[in-house]
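Notes for the one structure printed next.
Values in this text are rule-based calculations from the coordinates and carry no lab data. Owing to the predicted nature of the structure, the values given are computational and were not obtained by experimental measurement. Note: ideal-geometry Cβ built from the backbone for every residue, glycine included; neighbour counts use all protein chains shown.
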Amino acid sequence: MARADRSALMPLTDDGPPVTEAARRAVAAVWRIESARVVGALARWTGDFALAEDVAQEALAEALVRWSRDGAPAEPVGWLLTTARRRAVDAFRRRSALDERYALLAGPLGEGEAHAGAAPGGGRPDDLPWDPDRIDDDVLALVFTACHPVLSPEARVALTLRVVSGLSSEEIARAFLVPVPTVQARITRAKKTIAAARVPFELPPAEERRARLGAVLSVLYVVFTEGSTATAGADLLRPDLAYEALRLARTLAALLPDEGEPYGLLALFELTAARFPARTGPDGEAVLLEDQDRGRWDRSAIRRGVAALGRAASTGRGLGPYGLQASIAACHAVAPSVAETDWERIVLLYEALGRIAPSPVVELNRAVAVAMASGPAEALALVDDLLATGRLPGSHLLPSVRGELLSRLGRTAEARAELELAARRCGNARERAVLLRKAAALG
């Protein structure tokens, strides 16, 4: 589920109409849940990717004022769609070269809708010339459009996270460890490129879908990762993002039933999300894997994940990077405890993953598995090799793992220093609290 961009919900100035807190909460809630569907429906209707987001933001601004004055409408999504549609008509009117198109679009508007001052309670979805419940095609078309090959890989991810998942530029910058202006420039340039290349807003033909599949899977993976462990903020989890990525993964797998990796990604999401109920305590504090109540894990999600993993393996082409990660998650999901987990198999899976999708994070995770299978000394050597290469600069992950290994080896002072370093680098308050507790316990 997408989240409202902060810029869309900023308080109005003292010179503007008053905005109530109730209206602000209502607008934020609707946008957090429905933004991708609203932008997707508008993009299909206007055929203009950038215009769809612009008019959606304008509708949000108007909603803050109108809902403060009149209360939230019975059909808030329909209200936003109708209001945004009027803004799109106004935009087409201003484009003198598109007079004919404007006439075509404006034709269905009735007398009661002919101006922006129509009744605030109007805009029911069944009054619209499109079906806002066509979320599968609309949101996936949004993703595939944002992942068009005319864009760079970095621009594809940034644009999709911004438009489909509603992440702010600041959140995207934290996720990719780049400056905020860099993210903003990528998004602006991506929109201009899509407009200049006249990229149509539609689900591409089957052969083009496969060509763009890797980019789409990567985007969904990043969204889910941010939802399963937030890079910053007061909450460990952002389930709205994780479950939106999970929903899109289900739709994508159904759209491409002969492709294995969408099912591998779906399996990874299901098996990871199955542990969400046990990953936080009553006050939202992080609960480590060894301390989790496995009885709270979602067994239905585990069954769905295992089934999706079987579907990924059944293609006969072998598991890809997401399928291998799902296999690792399955090892955890079926194990009665940490001690009884098949760590040797996890080490082998990480070795395979490192060969087809090498990354420092994969190597770090392999070191954790080696520590469980063979002991901390062998794992520490792997981590020190990784440290020497400087491939995870500024990340809290490497000193976090290194501190844990040093602690298990009895090198207490070094372990405490590493854990404190990890805490200083960690942007998530819940993770930081865990690191600080571990460091305090050592001394």
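Given labels modelled 7 Å from the Cα in the Cβ direction, how far is it in nm from Arg425 to Ala307?
4.1
If each DSSP helix of 4+ residues adds -39,500 (n - 2.57) and the sum is divided by the residues in the chain, what number results at 222 nm, nearest 500 deg cm²/dmol? Write out the running numbers ahead of the final one.
On the way: 20 runs with 292 residues, N = 443.
Only helices count here, giving -21500 deg cm²/dmol.
So what is the relative contact order of the stretch 135-229, in percent, for Cα pairs below 8 Å that sit 6 or more residues apart?
For the stretch 135-229, the relative contact order is 40 percent.
What's the extension gain from Met372 to Thr193 if we count 0.36 nm per residue and subtract their Cα-Cα distance?
59.6 nm
Listed highest first by mean packing, meaning other Cβ atoms within 10 Å per residue, what order do 220-230, 301-311 come in?
Numbers: 220-230: 22.1, 301-311: 19.0.
Highest mean packing first, the order is 220-230, 301-311.
Would you mind counting up the charge near Ala146? Only other residues with Cβ under 9 Å from its Cβ, with Lys and Arg at +1 and Asp and Glu at -1.
+2
Net charge within 13 Å of Cys331 by Cβ-Cβ distance, Lys/Arg positive one each and Asp/Glu negative one each, not counting Cys331 itself?
Within the 13 Å Cβ shell, the charges total -1.
Measure off 7 Å from each Cα along the Cα-to-Cβ vector at Ala232 and Thr412, then give the distance between these two points in nanometres to one decimal.
Modelled inter-label distance: 3.6 nm.
In degrees, nearest 10, range 0 to 90: what is the angle between the Cα axis of helix 153-163 and the longest Cα principal axis of the chain?
Rounded to the nearest ten degrees, it is 60.
What net charge do the residues around Ala50 carry, taking every other residue with its C-beta under 12 Å from that of Ala50, with Lys and Arg at +1 and Asp and Glu at -1? Don't skip to the answer; put the middle values down first.
Values: positive: Arg162, Arg189, Lys191, Lys192; negative: Asp48, Glu53, Asp54.
It works out to a net charge of +1.
Quick one: if the Förster radius is 41 Å, what FRET efficiency do Arg94 and Glu21 give, using the C-beta to C-beta distance and rounding to 0.05?
On the way: r = 34 Å, r/R0 = 0.84.
Result of the calculation: an efficiency of 0.75.
Given (1) 24.0, 79; (2) 22.4, 66; (3) 23.8, 72 as candidate values of Rg and Dmax of the Cα atoms in Å, which corresponds to the one derived from the coordinates?
Derived directly from the coordinates: (1).
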